[in-house]
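Accompanying notes for the structure given below.
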Amino acid sequence: LVGVGVGALLGAVLGGQIGAGMDEQDRRLAELTSQRALEATPSGTSVEWRNPDNGNHGYVTPNKTYRNSTGQYCREYTQTVVIGGKQQK
């Protein structure tokens, strides 16, 4: 259930402005890394991904875990990608 929510959220983020310069491999690596970071990484710890074919890379940093109004666990996070040498958050 958590993975479905994370996948839907990341699909929206990576499909938007941040993901505009990413190829399919970049998106796949970013989504897998993001899911791992949000589900199992302590707050404040960054998890990095890197595409060896084009040098694009990024990292996800979970910032805060909390419960929403319906009692579900949620995480605030920062996602940073570097595409063609340009950093985007």
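Throughout, read-outs are computed from the coordinates displayed, never taken from laboratory work. Keep in mind it's a predicted model, so treat the numbers as computed, not measured. Please note: Cβ atoms are built from the backbone with ideal geometry, for glycine as well, and neighbour counts cover all protein chains shown.
Here are the numbers for the structure shown:
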| read-out | value |
| --- | --- |
| FRET efficiency, 1/(1 + (r/R0)^6) with R0 35 Å, evaluated for residue 25 and residue 67 via beta carbons | 0.50 |
| 15 Å reach of a label modelled at residue 78, 7 Å along Cα-to-Cβ, counting backbone N of the stretch 28-50 | 43-48 |
